[in-house]
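Here is the structure we will look at.
Laboratory data are not the source of any read-out in this text; all were calculated from the coordinates shown. Fair warning: this is a prediction, and the values are worked out from it, not measured in the lab. Virtual Cβ from ideal backbone geometry, glycine too; neighbours counted across all protein chains shown.
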Amino acid sequence: MPNRLAAQPRGARIDRRAFLRGAGGVAAGLAAAGTLSACGTGTSRSVGSGGKSSKTLVVRNSGGSYGDANQQAIYEPFTKETGIQVKVVNIEYAQMLAQIKQGRPEFDVIDDSMADFVLFQQEGGTEALDYDRLKNFKKAGVAKNLVTSNAVGKNYWASVMAYRTDAFGGKKPSSWADFWDTKAFPGNRALQALDADLPELEFALLADGVPLDKLYPLDVDRAFKVLGEIKSHVRKFWDTGALPGVLLGRKEVDASSVWHGRLDALIKGGAPLAYQWNGARRQSNGLGIPKGAANLDAAYRLIDFSLRPEVQAAYAELYPMAPSVPAAYKKLKPATAANLGSSPEHLKSGFDLDVEWWIKNQDAVSKRWQEWTHA
C-alpha cells in the first residue's frame, strides 16, 4: 500500500506504510510468524491467553511484516507474561480519528508514526501520557525528541543512500556531496518521488555543505537550486519502496536514495549493493493511547513492556527498524546492531526529520516539487 502523503492535503501522514508492510530481508527472520503480507487493512488476530485471563487489549498497527514482528517480539511475550490477550487492527489515521471523535475507538493502543501523533495532538485525539505509569521509561534513555505529551518513541527507520559496489571504479561514495558529484562518481541516479514520501530536500542541502545540525528550518530555495544541478542525471523518481533495488539491480542507476532495509535480501543474496549511512534521514514510530480507550491500565502495561531493552532487541533482530532504547544494543547481535539507524555511530552521522517543520510546510513544498519535476 503506497503512501500518498505528499500528494495529500494537510492532515495526511508523514510515514511509509508501504515500508512498514514489507522491508527486504524480513521473511527469513519471521518464518515462524506466518505469511508476512497476509495482514491487510481491517484484519485482526488474537493471541491465546493460556487460560490466564480473558481480558483483551486491542492494538492498532500497520500490519504486514511490521505487524508480524510486533506479534512475535512483543504481543506474544506480553500475553505469556500477563495473560492479557492482544488483538490487532490495521486501520489508517482517518478511520482512527473518526472512531475517536465518535467516542468509540475499537483500539486501546496506537502504534503509528510520531508525525501522526502530532496530528492526533492537534485534534485532541489522544490521551496525555502519564509517564509515572511507565516504570521502564524512567531508565530507557529515549531521545528527548521522541518523548512527547501523547506518545513515546518505539523505533526508528531511515532513508539512506545506496549504491552499486562495482560502479565508480571501486570508489565508494561517502556523502551526499559524492552522490551529487557526477564527475567523480559518474552514472545515473534515482531519488524519491512525491508519491512515496516527503521530498528529500535535506539530502540536497547536505550535498551543498549544510551541517547536519543546521538543516532546519530548511532553506527551500537553496534545496531546489541544488536539486536542479542533478536533475538531468536522475533516471527515475521512485514511487515504491521496492523500486530502488530494481533500478540498482538492473544497472539502470548506480546510486539511489532508499528506505533502509529494502535492499537487505538482495545484499544477503550476493548483489553488489551497499548502504551509505552518512546523512541518513531518520523518522520514528511511537506508541500512544486514544481518547476513550477502554483498557487504559492494560494499554500502559503494553507500552511499558515495549520499552524493555530485551523486547526492543528481540524486535530489531526480526525487523530492520532500530530501537529507541539505547540499552537494547547490548543485547543485539553485532551484525544486526551495525545495520540499524540508532546505533551510536549512525546516530552521529544522520539526523532526525523535523516533523513539525514538515507538517507546517508540507503543502507548499509539495506544490513546488510538482512544479519542479514537470518543468
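Please get the size of the charge dipole for the chain, origin at its Cα centre, with Cβ charges of +1 on Lys and Arg and -1 on Asp and Glu, quoted in debye to the nearest 20.
540
Between segment 110-150 and segment 204-253, how far is it from one alpha carbon centroid to the other, in angstrom?
Rounded to whole Å, the Cα centres lie 31 Å apart.
Could you give the angle, 0 to 90 degrees to the nearest 10, between helix 296-306's Cα long axis and the longest principal axis of the Cα atoms of the chain?
Approximately 50 degrees, to the nearest ten.
Contour minus end-to-end for Gln370 and Arg104, with contour as 0.36 nm per residue of separation and end-to-end as the Cα-Cα distance?
Here the answer is 91.9 nm.
Could you give the length gained by full extension between Lys55 and Ser149, i.e. 0.36 nm per residue of separation minus their alpha carbon distance, to one decimal place?
31.1 nm
If the limit is 29 Å between Cα atoms, which of Lys80/Lys144; Lys55/Lys138; Lys154/Lys367; Lys80/Lys139; Lys171/Lys225 go over it?
Beyond 29 Å: Lys80/Lys144; Lys154/Lys367.
Rounded to the nearest 10 degrees, what's the angle between the helix 355-373 long axis and the longest principal axis of the chain, both from Cα atoms, 0 to 90?
40
In segment 86-156, with Lys and Arg counted as +1 and Asp and Glu as -1 at Cβ, which of these residues, Val147, Gln102, Leu134, has the Cα nearest the positive end of the dipole, that is, farthest along it?
Leu134
Just to be sure I follow: if Rg is taken over the C-alpha atoms of segment 259-375 and Rh is the Kirkwood radius over the same atoms, what is Rg/Rh?
1.06
If you place +1 on the Cβ of every Lys and Arg and -1 on the Cβ of every Asp and Glu, how big does the dipole about the Cα centre of segment 169-211 come out, in debye to the nearest 20?
Charge dipole, segment 169-211, about its Cα centre: 340 debye, nearest 20.
Calculated FRET efficiency, Gln95 and Tyr131, Cβ-Cβ r, R0 30 Å, to nearest 0.05?
With a Förster radius of 30 Å, E is 0.60.
Extending each Cα 7 Å along its Cβ direction at Lys183 and Thr165, get the distance between those two points in nm, one decimal.
For the pair Lys183/Thr165, the computed spacing is 3.0 nm.
Which of the aspartates and glutamates could be linked to Lys291 by a straight reach, that is with a Cα gap under 20 Å, when you skip same-chain ones fewer than 8 residues away?
Glu92, Glu106, Asp108, Asp111, Asp112, Asp116, Glu123, Glu127, Asp130, Asp132, Asp304
Could you give the size of the charge dipole of segment 140-280 about its Cα centre, using +1 on the Cβ of each K and R and -1 on the Cβ of each D and E, expressed in debye and rounded to the nearest 20?
Dipole about the Cα centre, nearest 20: 340 debye.
Label Lys138 and Val220 with points 7 Å out from Cα along Cα→Cβ: what is the distance between them in nm?
About 4.5 nm, to one decimal.
Specify, per residue and in Å³, the volume enclosed by the convex hull of the alpha carbon atoms belonging to segment 192-282.
Hull volume over Cα atoms, normalised by residue count, gives 101 Å³.
Could you run the Karplus curve 6.51 cos²θ - 1.76 cosθ + 1.60 with θ = phi - 60° over segment 86-98 and give me ³J(HN,Hα) per residue in whole Hz, x for Gly and Pro?
Coupling constants for segment 86-98: 10, 10, 10, 10, 10, 10, 8, 3, 4, 5, 4, 5, 4 Hz.
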